[in-house]
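What follows is a set of notes on a single structure, which appears directly below.
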Amino acid sequence: MPVIRRLPDTLVNRIAAGEVVERPASALKELVENAIDAGAGHVAVRLANGGLDRIEVTDDGCGMAPDEIALALERHATSKLPDEAIEQVATLGFRGEALPSIASVARLTIESRPVLRQAQDERRADGWSRTVDHGEVVAEGPAALPPGTRIRVEDLFGRVPARRKFLRSARSEYAACLDVVRRLAMARPDVGFTLEHDGRRVLAVPGGEGLARRVAQLIARELADEGVAIEAERGANNGTWARLTGVAGLPTFNRGVADHQYLFVNGRPVKDRLLIGAVRGAYADMLARDRHAVLALFLEVPPEEVDVNVHPAKTEVRFRDPAFVRGFIVSGLRHALDSAAGRSAQPVASGAMANWQAEPLAALPPAGGAGEAPGAPSPGLTSLFARQYAPQGQRLGESGALWRGYEQGVMAPAARAEAAVPLVAGAQDFPLGVARGQVAQTYIVAEAADGLVIVDQHAAHERLVMERLKAAGAGQAAASSQALLIPEVVELEETDCDRLEEAAPRLAEHGLALERFGPDAMLVRAVPAPLAGGDIKALVRDVADDIAQHGDALLLGERLDHVLATMACHGSVRAGRALSVAEMNALLREMEATPRSGQCNHGRPTWVKLAHADIEKLFGRK
């Protein structure tokens with residue numbers, strides 16, 4: 001029988017270091033968090049060889065006295081928990097494990113000088129230094145430095161070759177360290193940060209700047225013009241409140257990886273699956289599946305509503321009411337994106353529509369047909385939405401478009417030439433201008449008062465159809481459902497059946513009617529009408545998994561959005577279809593009055609604009 005024994009302190013510290021210090025970026029994160037918690041107004045970081053050789057963090061915080069330095073290097077010693085109310089912790093760190101864990105696997109030098117808090121304090125505030133080499137104190141004594149703390153970590157995992165060989169290249173470790181500093185700098189725009197790598201300054205942001213400016217500086221400068229500000233608050237029936245701020249990129253401003261999504265909970269950078277899923281759900285009908293949004297979200301909730309003591313590295317959190325949090329984030333993001341009206345991330349002239357983009361939808365001019373005064377009746381989109389149902393030769397809507405009739409199942413426009421409509425008085429107020437023609441039977445060319453607008457007719461009409469389908473569903477008390485002639489039996493685990501049975505009333509609002517059918521099966525009597533004919537068993541299993549993960553049936557609504565997007569794509573004006581001038585103008589007017597018309601359902605831009613200045617530059621006039 002094996003003998004039970006106590007592990008030596010050095011081995012205990014190395015085991016603990018494996019949980020807290022995985023790589024140089026992990027050590028850097030702990031040191032910078034300590035600097036922020038110490039009240040620093042500026043944090044300077046210096047790296048050598050990606051942090052493998054040296055990490056140095058200097059701050060101008062409160063500093064430590066010699067006896068406090070010694071105590072800080074002991075396990076589970078911290079100043080951040082004045083009492084036992086861990087659920088009320090408001091600092092980034094609180095475990096008291098970081099410094100002793102780092103010191104057990106590297107050479108750690110702490111130099112600190114406390115800040116005298118009272119002018120009449122006659123104590124000498126001298127600096128002090130203490131060096132610990134892989135768990136052993138090797139030197140200590142006076143140190144000369146301004147008030148604050150400087151910590152230097154050298155030879156990380158130098159005596160733990162089994163851990164050292166698992167580290168990546170210096171370039172990869174440097175990238176991870178840079179990401180850590182960026183996230184913490186975003187979390188605290190009131191604190192200044194500098195980062196030097198091998199003597200080269202790679203990041204410098206001053207303290208005291210606004211959140212939007214800090215985010216744009218650290219993520220992408222284009223985000224200032226191609227993003228929307230988020231400001232939302234909500235309260236729940238149980239008294240819970242939440243506040244969401246940040247900057248979200250337009251759907252057309254996206255990336256191929258999710259590395260540019262920065263999420264914060266009560267000022268703490270996190271990588272939480274619930275929050276990532278909420279972001280994906282908010283952009284579900286605006287981005288292709290292989291594209292990812294660019295954003296920085298700051299969620300604030302009462303400290304007792306979130307558990308930050310889930311992971312040793314404090315990168316994961318757990319919410320008391322995850323369904324409330326996810327729903328709040330999805331609605332807050334979508335509201336902010338809707339407020340962007342028809343904005344589009346334009347590679348040609350990004351500022352061309354700045355004045356119109358900043359206006360709310362209510363400030364847009366009334367939609368009128370081409371050649372009409374702004375107050376004239378709108379022709380609508382009857383010629384676009386109802387043409388396949390019109391009798392042969394019938395005029396559709398007020399636009400006066402003539403159609404020949406069905407030709408192999410597709411309507412074609414009348415074969416007649418139409419004169420371009422002049423830009424009459426008042427028509428120049430249309431943000432997207434007046435149609436002048438069609439290029440390759442795919443792109444609409446319109447003349448606006450301040451430039452030339454090019455519209456992708458299929459992408460634009462796809463978004464308009466999608467919004468109409470969603471508006472039609474929102475106007476119903478409950479989603480329309482399709483009853484099954486023969487109810488479908490879906491076998492699941494008993495726990496999944498319990499969750500589905502509890503969520504049945506919520507699912508019925510989406511059109512999915514479920515009943516319990518024994519201990520480990522569910523009976524499906526009806527499904528949402530757009531999902532009729534699909535894989536019902538896969539749908540129910542996915543919904544059950546979503547409830548197990550997030551505590552609510554949210555995936556079903558996202559699936560409906562995806563189905564509506566597919567329906568909109570197949571029911572929209574195709575590229576290669578000739579449109580009359582009246583139809584093109586009707587499309588432009590509808591775009592001006594439709595939210596999110598700046599991008600299609602897959603995140604591609606629906607229009608770009610060449611300002612007069614851009615055209616003049618092309619021809620050398622400026």
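Let's see how each residue does on (1) surrounded by 15 or more Cβ atoms within 10 Å (Cβ to Cβ); (2) in contact with a His (Cβ under 7 Å, 6 or more places away or on another chain); (3) of a type outside the set (Lys, Arg):
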site	(1), (2), (3)
Ala504	yes, no, yes
Leu507	yes, no, yes
Leu512	yes, no, yes
Gly518	no, no, yes
Pro528	yes, yes, yes
Asp545	no, no, yes
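Which ones in region 473-526 are touching a Ser or Thr at 6+ places or on another chain (Cβ under 9 Å), at pLDDT below 85 and hydrophobic (A, V, I, L, M, F, W, C)?
Answer for region 473-526, where residues must be touching a Ser or Thr at 6+ places or on another chain (Cβ under 9 Å), at pLDDT below 85 and hydrophobic (A, V, I, L, M, F, W, C): Ala508, Leu512.
For region 148-238, please list each of the strands (runs of 3 or more DSSP E) lying entirely inside it that holds at least 1 residues being farther than 25 Å from Ala106 by Cα.
In region 148-238, 192-197, 200-205, 227-235 are the strands (runs of 3 or more DSSP E) which contain 1 or more residues that are farther than 25 Å from Ala106 by Cα.
Within the set of pairs 6 or more residues apart or between chains, which connect a residue that is free of Cβ contacts under 8 Å to residues at least 40 places away in the same chain inside region 31-46 to a residue that is not in a helix (DSSP H, G or I) with Cβ atoms less than 9 Å apart?
Partner pairs satisfying both residue conditions: Gly39/Asp59; Gly39/Asp60; Gly39/Gly61; Gly39/Cys62; Gly39/Val115.
Determine, yes or no, whether Asp225 is surrounded by fewer than 22 Cβ atoms within 10 Å (Cβ to Cβ) and over 16 Å from the mean Cα position of the chain (by Cα).
Criteria met by Asp225.
Does Ile110 satisfy being modelled with pLDDT of 95 or more, surrounded by 12 or more Cβ atoms within 10 Å (Cβ to Cβ) and not hydroxyl-bearing (Ser, Thr, Tyr)?
yes
Consider region 165-183. How many of its residues are closer than 17 Å to Leu47 by Cα and either in contact with an Asp or Glu (Cβ under 7 Å, 6 or more places away or on another chain) or surrounded by fewer than 18 Cβ atoms within 10 Å (Cβ to Cβ) (or both)?
Of the residues in that region, 7 qualify.
Report the residue count in region 516-533 for those that are over 16 Å from Leu485 (Cβ atoms) and either more than 33 Å from the chain's Cα centre (by Cα) or charged (D, E, K, R) (or both).
7
Within region 203-222, restricting attention to residues that are of a type in the set (Lys, Arg) and surrounded by fewer than 20 Cβ atoms within 10 Å (Cβ to Cβ), which residue is modelled with the highest pLDDT?
Going through the qualifying residues, I end up with Arg213.
Only one of Arg243, Arg289, Arg268 is free of Cβ contacts under 8 Å to residues at least 12 places away in the same chain, more than 12 Å from the chain's Cα centre (by Cα) and in the same structural domain as Arg334 (by TED's automatic domain parsing). Can you tell me which?
Arg289
Which condition number does Phe328 fail, the rest of (1) out of contact with any Asp or Glu (no Cβ under 7 Å at 6 or more places or on another chain); (2) free of Cβ contacts under 8 Å to residues at least 60 places away in the same chain being met?
It is condition (2) that Phe328 fails.
The values are calculated or read from the model by the stated rules, or taken from the named source; none is laboratory data. Just so it is clear, the structure is predicted and the values come from calculations on it, not from any experiment. Reconstructed Cβ throughout: ideal geometry from the backbone, glycine too, with neighbour counts over all protein chains shown.
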